[in-house]
Amino acid sequence: MGYVGEDIPKLGFGFMRLPLTEADGAEVIDIEQVKRMVDAFMDAGFTYFDTARGYHGGASEAALKQALVERYPRESFQVATKLPAWMAKDADEARSMFATSLEQSGAGYFDFYLLHNLGENRTALFDDYGLWDFARSQKEAGLIRNLGFSFHDKADEFERVLEAHPEVDFVQLQINYADWESESIESRKCYEIARAHGLPVVVMEPIKGGSLVKLPDTVASILHEADRDAPLASWALRFAASLEGIVCVLSGMSTLEQVEENVAVMKRFGPLDAKEHAAIVRAREALDALPVIPCTDCRYCLKGCPEGVRIPVALASLNMLIAYGDEYRAQENYDWNAEGGEASKCIECGACEEVCPQHIAIIDELKKAAAKFE
Ligand code: SF4
Ligand code: SF4
């Protein structure tokens, strides 16, 4: 027997970074452009769409309805969306997000429904609000076909969630060749745990939010030497899609050109061969050698910080600038993950520097982060 989603074409369209335009002085999703992108994607034979209650300030699901659901037969595509318990003030509000998603997307049912962004202190909220039982009841009612969760934390926490929730049908993990062996993301370890539990995997961030198409020349040249004609995106997509047990590889596409490039790569997708794998390993080693801040995301510094500063988030955002020069992605990472624990809250008590095993000058780095991102 095959696995859930085995027959789905292996590129998924992420609705988190849609093109924007101006209307009445405000920035809104450029829905006509999204329609063109959806058409190019569907025409090429791809069918999986990934949105979330929280994307684009809640407007992504409605964009999906306009650009896809109202324009194509429902059984010709799959819809995935997500419930962000950490955005709700209580259990009732969290549960009500499901009905809102159904209404906004017009999807009628969800092929894939995810509890959004488990990990760290967010995981317990989903239990406290009874959302696992709630989602199971929606599945029994036929409104969810496959239930899963997306995850941003370390492998041991991932294992713990899976042991507590054997009802999961699939998982969504952050996987790309740059983070495969990373101590902060633990892509490989999480992937291997998912597979040991027999779970199919939806891949998010295969291009690391776009960073892997903006590689420094020293890294890009390694891949170009291995294959002069292969676009940088193709290395990233093919690395993730070559893994066994993948439902699909999501790409948060913002332009028609990105759709065309990605579908061209994935239409004639073949797994990486040994020579190509070796080139990826060399590229990863070159990325690892860049002069980034040596934070391993061990989080020892967090325990004693009186201000709750999200130190590793600030350092990771700075590293995105150092390694990739990727201002958009660095700011996005900071905005999403540092909220409530911004670098500017630091009172320079020094408690974090005393415990940091990497001896990072945290206070100085936080000043840089505050100046850059706030
Ligand atoms: S120096 Fe700043 S970041 Fe470090 S523990 Fe003190 S307040 Fe927190
Ligand atoms: S203690 Fe140091 S290495 Fe560990 S997360 Fe904090 S800054 Fe990073």
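Mean separation of Cα pairs under 8 Å and 6+ residues apart, divided by the residue count of the chain: what relative contact order is that in percent? Relative CO of the chain lands at 15 percent. Under the combined filter of DSSP loop state and at most 10 neighbouring Cβ atoms within 10 Å, the stretch 73-145 retains these trypsin sites (Lys or Arg not before Pro): LYS89.
Across GLY209, GLY54, GLY340, mean-square fluctuation computed from a Gaussian network of the chain (C-alpha pairs under 10 Å connected) peaks at GLY340. Which shape class, rounded, prolate or oblate, goes with the stretch 174-246 when its Cα gyration tensor gives a ≥ b ≥ c as root eigenvalues, a/c under 1.5 marks rounded, and past that a/b bigger than b/c marks prolate? The shape class here is prolate. Within the stretch 214-309, none of the chymotrypsin sites (Phe, Trp or Tyr not before Pro) combine a DSSP coil assignment with at most 14 other C-beta atoms in a 10 angstrom radius. 3J(HN,Hα) along the stretch 270-286: x, x, 4, 8, 4, 5, 5, 4, 5, 5, 4, 4, 5, 5, 5, 4, 5 Hz, from the Karplus curve 6.51 cos²θ - 1.76 cosθ + 1.60 with θ = phi - 60°, whole Hz, x for Gly and Pro. Summarising the amide proton neighbourhood of LEU118: residues at separation of 5 or more, or on other chains, whose placed amide H is nearer than 5 Å comprise SER150, PHE151, HIS152. Computed over neighbours whose Cβ is under 13 Å from that of LYS345, the net charge equals -3, Lys and Arg +1, Asp and Glu -1. Helix content alone sets the calculated 222 nm mean residue ellipticity of the chain: runs of n ≥ 4 DSSP H residues at -39500 (n - 2.57) each, divided across all residues, give -13000 deg cm²/dmol.
Every Cα-Cα pair in the chain was counted, and those over 29 Å apart are 43% of them. A simple rule links phi to the HN-Hα coupling: the Karplus curve 6.51 cos²θ - 1.76 cosθ + 1.60 with θ = phi - 60°, which for the stretch 302-311 gives 6, 4, x, 7, x, 9, x, 5, 7, 4 Hz, with x for Gly and Pro. Note on the stretch 11-282: lysine pairs with Cα distance below 25 Å, sequence gap of 8 or more or different chains, count 20. For the chain, the list of Cys residues with no other Cys C-beta under 4.7 Å reads CYS190, CYS248, CYS295, CYS298, CYS305, CYS346, CYS349, CYS356.
Taking a straight line from the alpha carbon of LYS368, these lysines sit under 17 Å away, with near neighbours fewer than eight places off in the same chain left out: LYS345. Pick from SER251, SER184, SER76 the residue whose mean-square fluctuation is largest in a GNM of the chain, springs joining Cα atoms under 10 Å. Comparing SER251, SER184, SER76 in the GNM, the peak value goes to SER76. Per residue, the solvent-accessible area of the chain (1.4 Å probe, heavy atoms of protein chains only, all protein chains present) comes to 43 Å².
One-quarter of the Cα convex hull surface for the stretch 300-373, in nm²?
Average projection, Cα convex hull of the stretch 300-373: 4.4 nm².
Rounded, prolate or oblate: which fits the stretch 38-131, taking a ≥ b ≥ c as square roots of the Cα gyration tensor eigenvalues, rounded meaning a/c under 1.5, else prolate when a/b beats b/c? Note, shape of the stretch 38-131 comes out prolate.
In the stretch 151-286, the C-alpha radius of gyration followed by the widest Cα-Cα span (Dmax) gives 15.1, 47 angstrom.
For a quick check, take a GNM of the chain with Cα springs below 10 Å and name the residue from THR296, THR51, THR81 with the largest mean-square fluctuation. Greatest mean-square fluctuation among the candidates belongs to THR296. Taking all Cα pairs closer than 8 Å and separated by 6 or more residues, the relative contact order of the stretch 83-143 comes to 45 percent. FRET efficiency for TRP336 and ASP7, Cβ-Cβ distance as r, R0 = 51 Å, nearest 0.05? FRET efficiency, TRP336 to ASP7: 0.95.
The values are calculated or read from the model by the stated rules, or taken from the named source; none is laboratory data. Predicted, not measured: the structure shown is a model, and the values here were computed from it. In this analysis, Cβ positions are derived from the backbone assuming ideal geometry, glycine residues included, and neighbour counts consider all displayed protein chains. SASA here: full protein model, heavy atoms, side chains in, ligands and nucleic acids out. Shrake-Rupley method; radii C 1.70, N 1.55, O 1.52, S 1.80 Å.
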